[in-house]
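A quick write-up on the structure given underneath.
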There are 4 protein chains.
Amino acid sequence: MSSFGRFFTVTTYGESHCKSVGCIVDGVPPGMSLTEDDIQPQLSRRRPGQSKLSTPRNEKDKVMIQSGTEFGKTLGTPIGMMVLNEDQRPHDYNEMDSYPRPSHADFTYLEKYGVKSSSGGGRSSARETIGRVAAGAIAEKFLKQLSNVEIVAFVTQVGAIKMNRDPLDAKFQHVLNTITREKVDSMGPIRCPDSSVAESMVHEIEKYRGNKDSIGGVVTCVIRNLPVGLGEPCFDKLEAMLAHAMLSIPASKGFEIGSGFEGVQVPGSQHNDPFYYDEESKRLRTKTNNSGGIQGGISNGENVYFSVPFKSAATISQEQSTATYDGEHGVLAAKGRHDPSVTPRAVPIVEAMAALVLADAVLVQKSREFAKNIVS
Amino acid sequence: MSSFGRFFTVTTYGESHCKSVGCIVDGVPPGMSLTEDDIQPQLSRRRPGQSKLSTPRNEKDKVMIQSGTEFGKTLGTPIGMMVLNEDQRPHDYNEMDSYPRPSHADFTYLEKYGVKSSSGGGRSSARETIGRVAAGAIAEKFLKQLSNVEIVAFVTQVGAIKMNRDPLDAKFQHVLNTITREKVDSMGPIRCPDSSVAESMVHEIEKYRGNKDSIGGVVTCVIRNLPVGLGEPCFDKLEAMLAHAMLSIPASKGFEIGSGFEGVQVPGSQHNDPFYYDEESKRLRTKTNNSGGIQGGISNGENVYFSVPFKSAATISQEQSTATYDGEHGVLAAKGRHDPSVTPRAVPIVEAMAALVLADAVLVQKSREFAKNIVS
Amino acid sequence: MSSFGRFFTVTTYGESHCKSVGCIVDGVPPGMSLTEDDIQPQLSRRRPGQSKLSTPRNEKDKVMIQSGTEFGKTLGTPIGMMVLNEDQRPHDYNEMDSYPRPSHADFTYLEKYGVKSSSGGGRSSARETIGRVAAGAIAEKFLKQLSNVEIVAFVTQVGAIKMNRDPLDAKFQHVLNTITREKVDSMGPIRCPDSSVAESMVHEIEKYRGNKDSIGGVVTCVIRNLPVGLGEPCFDKLEAMLAHAMLSIPASKGFEIGSGFEGVQVPGSQHNDPFYYDEESKRLRTKTNNSGGIQGGISNGENVYFSVPFKSAATISQEQSTATYDGEHGVLAAKGRHDPSVTPRAVPIVEAMAALVLADAVLVQKSREFAKNIVS
Amino acid sequence: MSSFGRFFTVTTYGESHCKSVGCIVDGVPPGMSLTEDDIQPQLSRRRPGQSKLSTPRNEKDKVMIQSGTEFGKTLGTPIGMMVLNEDQRPHDYNEMDSYPRPSHADFTYLEKYGVKSSSGGGRSSARETIGRVAAGAIAEKFLKQLSNVEIVAFVTQVGAIKMNRDPLDAKFQHVLNTITREKVDSMGPIRCPDSSVAESMVHEIEKYRGNKDSIGGVVTCVIRNLPVGLGEPCFDKLEAMLAHAMLSIPASKGFEIGSGFEGVQVPGSQHNDPFYYDEESKRLRTKTNNSGGIQGGISNGENVYFSVPFKSAATISQEQSTATYDGEHGVLAAKGRHDPSVTPRAVPIVEAMAALVLADAVLVQKSREFAKNIVS
């Protein structure tokens, strides 16, 4: 459905050929400074057309706050936001439309909803993510003021080219501890902070572009300075909410927290994160962080980090042998130029969804803490 | 929190040392045959103590239906279920309790809730999963009658020993198409259907047991005969609900659907699942299934399959260097014998959580279909 | 919070001095004819300034659909709707603002949110109801196609002047059976279908207008042709959802279903609704309808009817002795002309909220029916 | 459905002839003293058979906490509670069962669920309220520690005999300010604190008992010492949540807050509650309280009070002319002795549902306050 979150809630609307896309963000605390300038930067990072690595369409995507603020401050009421669509005309159906595009949502949307829309897969259009990113920017602003929470996503893999993501690798831990959005963006549109692999990634993408093909990748995200205690066992563990959020992003195929899939090969004696007393922060910390900052579904004060794989873009301009809705065999090729790798563009979307999960988890936990203090 | 699902909902209660554990299942359709005999088998598969591969504790775990049925038929009212705990006495705290066990939930539960409990990590106790499995058995019975939905989970990796999980591998596809619970259980407690690796997995586990250590693994799950159209974009895509469910299982560290993490290396031209008209089922199907049976967040009628990594068990009997809650350095070793690999026991829990997601998704979708037919 | 409904959900935004007000309606079935023309009539009925009985402000309130439709048909995706505000400038605070207006939400909003807004009571502004009415119009269209559901609200009391609302009164039952919106509107802005009291009501309102005072009233609503089986015991009984909806309307002070408050004086032998077999509809019906069409929280196929009292408008132009936020005693009088009775304007809002409850209840029940048929 | 609340949540199960009835309460703060002794008193007040005014059945209703506490303190995990049913055998169907009892839920349950159960109306059985009362007792304990919140319900009307409930009546305001449960119970089973009418009420009930008939009544409830700021506009206004809760109680037919239905006759100049600065509490208060302690959907610090009408009991032992399920005309009379007025027994149920609404509202508001303080 189109709402996400319990206390800090976003509800989105919009397809690619309607008048506008947007969202309503409910639960934003009152008295917070907020203007379009807080939201536009992440929307702009989300935009296609930023470089030759991505598609040349140039969307403007100017966000307009409709409600919930006055004189640059939030009122505590819902924040309505909208972004106009450039192309607001639904198109007439042509021969192309007789084909469900392979690995798009055309077929399943038609089966589920029984109607064809100009956007094909309806809400699976990438423009649906605009509302998420706008809402996430507000969540981030709140988290920043909470405890200087930092959320930074970056590309760690394109095709077979990957950064080392082993939690026991010192260099990877250094990246998790220090990476900033400025650093990520300084690497150019590839958004991989490891200069030793970033260039290979660019080459990898160019190779597939040349073949009129596409290639997937992995986005890794780290969250620093998160309070201890977030997450609501047993069903709404923090990692469960993050996984839900990440798998709701178009083209994502998975999620792993901390040591993830590779970690199953590490024996308990190495995988366990032993405690030590940290003189600087005056509290227990863990020497390693295979857990990814969450234990028993609850944040433990270490960096939370996770990775999300994005499949190769389904839209390719080489010919594909497939079938029409009517079951006739045929050949389909996308017209125009297409982005061979959407992975770098997923970076701000991953950040936004993480921020939404965290802002919600903070609000829940703070009511828990309050109640605990009342009765004990 | 302790509820999962919107229309087919389970709410669970219970820790390891209270009187009982159990659940309330709401939204079960009326008029369905249901007795304890429908539920006990999966609870028994969940039990520890089934072989030398797992811990020798022998719990009885007899489920007792409290409400919602009469003369062996459901009434449409909530099904209350309970399982008595064998050891109902909370223990007094001893020296062991001054240590938060590394990579357990002891530390985070204490930080979040401010109280120590006999179960240490409170609801992170494995006994919490009893309510899930009992509820899942009811969901499965409904799904079976819906369209003979089959849900089968099995072990595909222990430590470094793994079955091929490549979606483009014919043998793996054959397993997905044919695997049954009977086949899984016939392999003994390892629950890996591939006899060529099952034995190595047993050896791997024994090796870690000998070292007083533990090792992780991966559970893969396939769902067959699922209707087209399940899943609610944009936030409650079917894979997002599955990911949420799986990451809520204790010790799980990730989720991947279809081609998952490895799939990012497969170019779009190969990764796309081309359509063809299937004469047998008289409908469009896909030649390959890299998508894992879900496109645009909606089931497409192909097998849904996904994998979940489980970390190495945190409880090991070898000494670990760690710290007390007070920050003093010390050495901790678990007493008694401990299960070196919990992965095989996760099999029925994965099946149960999948069933709960699907039953809920079916109820949502069927109301959508009804409404669509009314207006168009 | 700003969302209502589980399957058929509306989320609203907007205050009186922001750029626009609007809503997102999620769960609208695909393939339904829908344009602004379906929505505008109820919005226009909601508008102030329709006659000398109500305030002379003339708002335009033109609704603009943003998403979710194409070529006049719904897509099954969220319907975004917006209505521009005429006065989009928040005002600077003046002396008036040092007073919390008595029985407005100024004080409680300031206490809860800690900020003053131009609309004073923030979301308690009457403009917040625009989103509800727009969403309700869509719900109604669905219900009409479901089973020709008719929802008609009307004024049954202004001050001490009232229509007989006794369920055992034949004339009242006739009104419930036959009243239409056309009939209601034909009575002029008073919206009371009983010509014998409508004129007295108008006089009553004029009397209070002359006194620079205001007066309350009661809106009664009937729902005809509703299917049997709606409502979800035990907490979401149909009357409980209706009560929730009605008490969320600004200025409402209560709710009663069927015989309501007066019915407690009717002994069981008379209050019970005996069954009989109706030859025309070929099913059991009840001879009387003290129950108000709901028994055990579930619709029984008879007319559902309920009443909602609306308090006297808090804004009056006569002087009131009160205090400033700082606690200083003072005298406050609203400037300009003000509506002495908001009750008639509540009519389309009551209808809209009823429609939203019912559309949601239908979607839930239809999934229940489907599941029941599968298993039994 | 069977869950109520967002953060302080109760889920109930059980009919009248199953093994047990009970509930799971989620969101109870950890570290709170809690044993069965905190819960039993309200369950005992709910029990029938307390006097000749109510039915002579004597249920034991001993609550047993299953989980969530240790050594008399809550753990922060769900509290499972159960009460055994005395009569756990579903009965075989007899001639009586061919009649849907008039104004019971037999007919609608059969229509909705398609199955007959021994309890007839399934979850509409009064035993369903046991879980509510048990959960409410926990909510109350939390609210007591929050700010000494006091919730007292009492009978203000039986048939035509009523206490003055006019908010502008000094005597009624005195009752609201001072009434205690001890005072209510000291009046005997009639639970009306006004000795001038209590005796007449008893006579009224006896009159209907003599006629083998029944009579309805009104329960009024006051909540004192509630913090300012509770309630979540625009859809979850505090009165909307209370109305939802009250209309979910079996046999309730309405709800009014503050001046309610009668208040519509009071002009704004009198109905508005003017502010004054209260020297004692050092804050703004209102001179009158027609609002019922809630303005704009948010508690304002004055007493919250509301009334709920309960219809005449549907079960009467005099003969009623009605029809069988098959549509044949016939005569039905309940066997045995029956309670002619259930209104007094509703008192602890009203208190419990109010407590559940308030505990939930407190948890939501405290997270809002926290967030507000963070950003401003």
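Computed with a 1.4 Å probe over protein heavy atoms only, the accessible surface of the protein assembly as shown comes to 31 Å² per residue.
Ignoring the sites themselves, chain D has its longest run without GluC sites (Glu not before Pro) in a DSSP loop having at most 14 other Cβ atoms within 10 Å at D:87-278. Placing a label point 7 Å from the Cα of D:Lys60 along the Cα-to-Cβ direction, the distances to the matching points in the other copies come to 2.1, 7.4, 7.6 nm, shortest first.
Principal-axis analysis of the Cα atoms of chain B puts helix B:129-147 at an angle of about 10° to the longest axis.
Separation of region B:212-262 from region B:136-183 is 12 Å, based on Cα centroids.
Take each peptide in C:114-122, B:116-124, D:289-297, count the other Cβ atoms within 10 Å of every residue, and average; sorted highest first, the result is D:289-297, B:116-124, C:114-122. Could you state the number of Å between the C-alpha centres of region B:302-327 and region D:324-347? Region D:324-347 and region B:302-327 have Cα centres separated by 59 Å. Residue-normalised convex hull volume from the C-alpha trace of region B:299-376: 164 Å³ per residue. Distance from the alpha carbon centroid of region C:31-48 to that of region A:267-300 works out to 58 angstrom. Remark on region D:330-376: accessible area falls by at least 40 square angstrom from chain-alone to full-complex state for D:Leu363, D:Lys366, D:Ser367, D:Arg368, D:Phe370, D:Ala371, D:Lys372, D:Ile374, D:Val375, probe 1.4 angstrom.
Within the accessible area of region B:3-375, the carbon and sulfur atoms contribute 49%, probe 1.4 Å, all protein chains present.
Electrostatic bookkeeping for A:Leu43 treats Lys and Arg as +1 and Asp and Glu as -1; over the other residues with beta carbon under 9 Å from its beta carbon, the sum is +3. How are the C-alpha pair distances of region D:85-157 spread across 10 Å bins, as whole percents from the shortest bin up? The percentages, shortest bin first, are 15, 32, 24, 20, 9, 1. Taking a Cβ cut-off of under 10 Å around C:Thr74, the surrounding Lys, Arg, Asp and Glu residues balance to a net charge of +2, with basic ones at +1 and acidic ones at -1. Chain B packed on chain C takes about 1900 Å² of accessible surface away from a 1.4 Å probe, both sides summed. Taking the label point 7 Å along Cα→Cβ, A:Glu262 and its counterparts in the other copies are spaced 1.6, 7.5, 7.7 nm apart, in ascending order. Between helix C:195-210 and chain C there is an angle of about 20 degrees, using the helix long axis and the longest principal axis of the Cα atoms.
Using the Karplus relation 6.51 cos²θ - 1.76 cosθ + 1.60 with θ = phi - 60°, the per-residue 3J(HN,Hα) values for region B:310-320 come to 10, 5, 4, 4, 6, 8, 10, 8, 7, 5, 10 Hz, with x marking Gly and Pro. Just so you know, the Cα atoms of chain A work out to an Rg and Dmax of 21.5, 70 Å.
Between this copy and the others, label points of D:Asp185 are 5.3, 5.8, 6.6 nm apart in ascending order, each placed 7 angstrom from Cα in the Cβ direction. For region A:1-50, the list of trypsin sites (Lys or Arg not before Pro) that fall in a loop by DSSP and count at most 14 other C-beta atoms within 10 angstrom is empty. Volume of the convex hull of the protein assembly as shown (Cα atoms only), normalised per residue: 160 Å³.
With a simple spin-label model that places each label point 7 Å from the Cα along the Cα-to-Cβ direction, the separation between D:Gln40 and B:Thr35 comes to 3.7 nm.
Taking amide hydrogens as placed 1.01 Å from N in the peptide plane, the amide H of A:Ile298 sits under 5 Å from those of A:Leu238, each at least 5 positions away in sequence or on another chain.
Local charge for A:Tyr276 was computed over the other residues whose Cβ lies under 9 Å away, with Lys and Arg +1 and Asp and Glu -1, and equals +1.
For region B:16-30, a decrease in accessible area of 30 Å² or greater in the assembled protein chains relative to the isolated chain, with a 1.4 Å probe, applies to B:Lys19, B:Ile24, B:Asp26, B:Pro29, B:Pro30.
Residue-normalised convex hull volume from the C-alpha trace of region D:123-248: 147 Å³ per residue. The C-alpha atoms of chain A define a longest principal axis, and helix A:36-46 lies at about 60 degrees to it. Closest approach of a chain C Cβ to the axis relating C and A (residue, whole Å): C:Thr11, 2.
The values are calculated or read from the model by the stated rules, or taken from the named source; none is laboratory data. Owing to the predicted nature of the structure, the values given are computational and were not obtained by experimental measurement. For neighbour counting, all protein chains shown are included, and Cβ atoms are generated from backbone atoms with ideal geometry for every residue, glycine included. The area values use the complete protein model at the heavy-atom level, side chains included, leaving out ligands, DNA and RNA. Shrake-Rupley method; radii C 1.70, N 1.55, O 1.52, S 1.80 Å.
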